[in-house]
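The values are calculated or read from the model by the stated rules, or taken from the named source; none is laboratory data. Worth saying up front: this structure is predicted, and the values here are computed from it rather than measured. Note that we place each Cβ from the backbone using ideal geometry, even for glycine, and neighbour counts take in every protein chain shown.
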Amino acid sequence: MIAIAKKLKSSLTTAHLFMVSVLLVNGGNYAYNLLLGRFLGPEKFADAAVLVTFLLVLSFVAMTFQLVTAKFSVLFEATVFKAFAASMYKKSVLTGIFLGFLIVLFASELQTFFKTSSSLMFVVFGLGIPLYFIMSVNRGIFQGKQQLVSLSVTYQAEMISRLVITLALLYFLQIDAALIISLGIIASFCCGLIPFDFKNISWKSATVLNRKQGKLVRNFFIITAFYELTQIIINNSDILLVKHYFESYDAGLYASLALIGRVVYFIAWMFVMLLLPTVVKLQKEGKSTVPILLKYVTYIAGIAAVIIIGCVLFPTQIVTILFGESYLAITPLLWKYALATGIFALSNIFAYYYLSLDKYIPVVLSGLFGMLQVLLVVFFHENLAQVVHVQIVAMVLLLMVQLSFFFFENRNRALRF
């Protein structure tokens, strides 16, 4: 037994531990949403889903700062990195303050557009946004430096605190549920700053980036911001548009459908987190990056296939166990939404891969098809089924063009050799 334990310990890497941690975090976030759905019911859950979707939108915007920080944490040496990190923190704080101010300023308009019960929930949410951006740069440092244990802790701290604090407040306080959820989100931002990397940060660094370094950072930041915008559109536009076009009951049903169907995307995210620094490092060392891409594509395709088949065979059981009988109306659409999400997860791996290599055509393609998805939902939303069907069409087309680009790129490489 001792020998087996030693062998198991030696075979476990920090990457394995991080993947387990991501699964736990996604499981905790899943439980958070499931408990809200069960506790609140479809109509009130529709309001909660707006806040959760805003949180996801915020995470994609902040991910720009995290990915840029992660990439140049690998490329820049110690002195230059400190200047770069200080600059990223300053920019993240200013961006967070600006976005938070906009949300607070237009809280009433947001309430009207999304038909929510309160505008105060948007005000509270907006006040916490600067904290999230600071947290994202901190995570980018951990990600780029491959300090995966610290990276895992910050994700765990955010997830556990949001779950525990929100449920506790819902149990003890008899106030608007959406306001409680926004308070829980802010509290989780504070906890997500643990641990915070101070040793590599010099807020008043005398070193500045030279012209070439500044241009590299600026170009990658712009294209990453554009790509994260496409992620926001593809991942969240459907929920927000459904909340606008449909009544609260139907919007709540759709939010639960999206939560179940997106499990494949949440699982795939852990591979994306490991992909970028790995690809940048392999490219820096002059090694082939295609094998790591194909490995992750295989993993995600297998996971997506299992989830889709499960949704085909056991839709009623899945919905009943996760949300309860009041949500059974979504069962016919479950496997279809999972299919759309699985296809998007595969497309996403290719886009992040080429983003890591500073090749931006797949990013532009994602943006175009993200806008196509929005237009299709705007023009075709007679019922929830039609909303799901047009998303399948958009995601199939996106995967086809991403695969075409990949094969074209590798065909050219083969011809050169």
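Annotations
- For the stretch 133-144, the criterion of being touching a Gly at 6+ places or on another chain (Cβ under 6 Å) and either within 17 Å of VAL52 (Cβ to Cβ) or surrounded by 19 or more Cβ atoms within 10 Å (Cβ to Cβ) (or both) is satisfied by at least one residue.
- Looking across SER347, SER366, one residue alone is within 26 Å of ILE309 (Cα to Cα), surrounded by 16 or more Cβ atoms within 10 Å (Cβ to Cβ) and not hydrophobic (A, V, I, L, M, F, W, C). It is SER347.
- Hey, TYR296 touching a residue at least 12 places away in the same chain (Cβ under 8 Å), of a type outside the set (A, V, I, L, M, F, W, C), part of a helix (DSSP H, G or I) and within 22 Å of GLU43 (Cα to Cα) or not: no
- LYS71 more than 24 Å from the chain's Cα centre (by Cα), part of a helix (DSSP H, G or I), at negative phi and basic (Lys, Arg): no
- Neighbours by Cβ (under 7 Å, 6+ apart or cross-chain): first from the stretch 85-106, closer than 12 Å to LEU131 by Cβ; second in a helix (DSSP H, G or I) and among the hydroxyl-bearing types (Ser, Thr, Tyr): SER92/SER136; GLY96/TYR132
- Within the option set LEU372, LEU322, being surrounded by fewer than 21 Cβ atoms within 10 Å (Cβ to Cβ), under 20 Å from SER237 (Cβ atoms) and not basic (Lys, Arg) holds for one residue only, LEU372.
- Enumeration of residues in the stretch 273-291 that are at pLDDT below 75 and surrounded by 20 or more Cβ atoms within 10 Å (Cβ to Cβ): MET273, LEU275, LEU276, PRO277, VAL280
- Qualifying residue in the stretch 155-162 (condition: hydroxyl-bearing (Ser, Thr, Tyr), touching a helix residue (DSSP H, G or I) at 6+ places or on another chain (Cβ under 6 Å) and modelled with pLDDT under 90): yes
- Within the stretch 80-113, the set of residues being of a type in the set (Gly, Ala, Ser) and within 30 Å of GLN213 (Cβ to Cβ) comprises ALA83, ALA85, ALA86, SER87, SER92, GLY96, GLY100.
- Selection of the stretch 108-147 for residues being over 30 Å from THR69 (Cα atoms), in a helix (DSSP H, G or I) and not small (Gly, Ala, Ser) yields GLU109, LEU110, GLN111, THR112, PHE113, PHE114, LEU120, MET121.
- Candidate set from the stretch 44-79 (those that are out of contact with any helix residue (DSSP H, G or I) (no Cβ under 8 Å at 6 or more places or on another chain) and not aliphatic (A, V, I, L, M)); member that is surrounded by the fewest Cβ atoms within 10 Å (Cβ to Cβ): GLU77
- Taking the numbered list (1) in contact with a Ser or Thr (Cβ under 9 Å, 6 or more places away or on another chain); (2) crowded, with 22+ Cβ neighbours inside 10 Å; (3) under 24 Å from VAL25 (Cα atoms) in turn, ASN236 passes all entries but (2).
- Here SER87 fulfils each of the conditions (1) over 22 Å from the mean Cα position of the chain (by Cα); (2) of a type in the set (Gly, Ala, Ser); (3) buried (at least 22 other Cβ atoms within 10 Å of the Cβ) apart from (3).
- Residue tally, condition part of a loop (DSSP other than H, G, I, E, B), within 20 Å of the chain's Cα centre (by Cα) and surrounded by fewer than 19 Cβ atoms within 10 Å (Cβ to Cβ), over the stretch 148-193: 1
- Candidates ILE267, ILE260 - the one that is hydrophobic (A, V, I, L, M, F, W, C), closer than 21 Å to LEU34 by Cα and either modelled with pLDDT under 75 or not in a helix (DSSP H, G or I) (or both): ILE267
- Failed item in (1) buried (at least 19 other Cβ atoms within 10 Å of the Cβ); (2) without any contact (Cβ under 8 Å) to a residue 40 or more places away in the chain; (3) over 30 Å from SER87 (Cβ atoms), with THR116 passing the rest: (2)
- SER356 more than 16 Å from LEU257 (Cα to Cα), polar (S, T, N, Q) and either under 21 Å from the mean Cα position of the chain (by Cα) or surrounded by 14 or more Cβ atoms within 10 Å (Cβ to Cβ) (or both): yes
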